[in-house]
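Every number in this text was worked out from the coordinates using simple rules, so none of it is lab data. Just so you know, these numbers come straight off a predicted model, no measurement behind them. We place every Cβ from the backbone using ideal geometry, glycine too, and count neighbours over all the protein chains shown.
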Amino acid sequence: MNRIFSGMQPTRQLHLGNYLGALKNWVALQNEYECIFCVVDLHALTIEHKPEVLRENIREVTAAYVAAGIDPEKNILFNQSTVTGHAELNWILACHTPLGWLNRMTQFKEKAGKHRENAVLGLYSYPTLMAADILLYKATHVPVGEDQKQHLELARDIAGAFNRYYGVEFFPQPEPQIMGEATRIMSLRDGTKKMSKSDESDYSRINLTDDADTIALKVRKAKTDPEPLPETVEDLEKRPEADNLVTIYAALTDSSRAQVLAQHAGSQFSAFKGALVDVAVSKLSPISAEMNRLLSDKAEIDRILKKGSDRANEIAAKNMDAIKDIVGLLRP
């Protein structure tokens, strides 16, 4: 049985990069795999947060999943903290993870920066919890962005170490799935920086809650260069802002950058942005409208999460019982 596990942190608003790099692909995957989609709220505790904002962000990410096309009846959709197996397995796996492996994780070094000594332990051990998220459900495939690929490699290493230590073949080796040309959507203000929820400028990203007018305004204000669109992808890749807008257009229309250039090569950006506005508004406005509808009924979102949590716990509890037996913990 092939099983997908993936999730997003409920930190700040989800944006176009989250949709094109993950959500859009998840919608397609749900027709091919058994899928478990999680709002990874325990991971969100690794950064400074306000409790009341975190609760609303959990609901907003859930609404984004559903509005983008994730079917909560067909798939398991829940928030991580409601399944205690994540924290339990995190500890067990932490006891089989050498410090040297964690020291190689580049994302901790990037996020901690110059204040490494003041960084919280959760940020350092984040990859072990991510491994627990995946392995708790014995997931076989994990859709990841390039920035998470190293963490998935660690999850595979931990699974292998656990299996060897206890002489079992319990955990599978989860395979990464990096899909499409939109795995890395860049800022609308700087084509060399990834689109981010934490960027100070709201014009650097298109939020999934933006209405049609706001989407159009942000596309028209996106940074470009004075030259018309080139004819080849090779020439396009030398121009980061142009490359980013063409990549977005390609991802929204399920085409390649080469196909977009075949249609728009030689166009000035004023014309191309007009075409991109039409595509972005037609694709994203329905998601925004559905998100806002869902967010107006918090009880319905909570019901979806509760039902998903119950289903996730059925799988997690069974696997945790087996894991406790393997490691020698007594279950009287």
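Before moving on, here are some points about what is shown:
- Anchor Lys298: lysines whose Cα lies under 26 Å away (excluding residues fewer than 8 positions away in-chain): Lys24, Lys50, Lys74, Lys197, Lys283, Lys306, Lys307
- Available extension along the chain between Ala317 and Ser296 is 4.3 nm, counting 0.36 nm per residue and deducting the alpha carbon span.
- Ranking Ile206, Val168, Ile185 by how far each Cα lies toward the positive end of the dipole of the stretch 116-242 (charges on Cβ) leaves Val168 at the top.
- Summed residue charge, Cβ within 9 Å of Lys324's Cβ, Lys/Arg positive, Asp/Glu negative: -2
- Only Lys, Arg (+1) and Asp, Glu (-1) charged, at Cβ; the chain dipole about Cα centre in debye: 580
- Expressed as a fraction of 2.2 N^0.38 Å, the value expected for a compact globular protein of N residues, the C-alpha radius of gyration of the stretch 1-126 is 1.15.
- Kirkwood-Stokes translational diffusion coefficient of the stretch 146-294, alpha-carbon pairs, 25 °C, 0.890 mPa s, µm²/s: 140
- Compared with the dominant principal axis of the Cα atoms in the chain, helix 212-221 is inclined by about 70°.
- Relative contact order of the stretch 202-293, taken over Cα pairs closer than 8 Å and 6 or more residues apart, is 40 percent.
- Figure legend: label point modelled 7 angstrom from the Cα of Asn118 along Cα→Cβ; residues of the stretch 33-67 with amide N under 19 Å from it are 45-50.
- The slack between Glu32 and Ser201, meaning 0.36 nm per residue of separation minus the straight C-alpha distance, is 57.1 nm.
- Relative contact order of the chain, defined on C-alpha pairs under 8 angstrom at six or more residues apart (%): 23
- Nearest 10 degrees, 0 to 90: helix 51-68 Cα axis against the chain principal axis: 70
- The peptide list 47-56, 296-305, put in order of mean Cβ contacts within 10 Å with the highest first, becomes 296-305, 47-56.
- Among 286-294, 60-68, the order from most to least packed when residues are scored by Cβ within 10 Å on average: 60-68, 286-294
- Considering only Asn79, Ala63, Thr97, and ranking their Cα positions along the charge dipole of the stretch 50-125 that arises from unit charges at the beta-carbon of Lys, Arg, Asp and Glu, the one farthest toward the positive end is Thr97.
- Theoretical FRET efficiency, 1/(1+(r/R0)^6), r = Cβ-Cβ of Lys307 and Asp211, R0 35 Å, to 0.05: 0.70
- FRET E, pair Ala94, Asp190, Förster distance 45 Å, beta-carbon r, rounded to 0.05: 0.75
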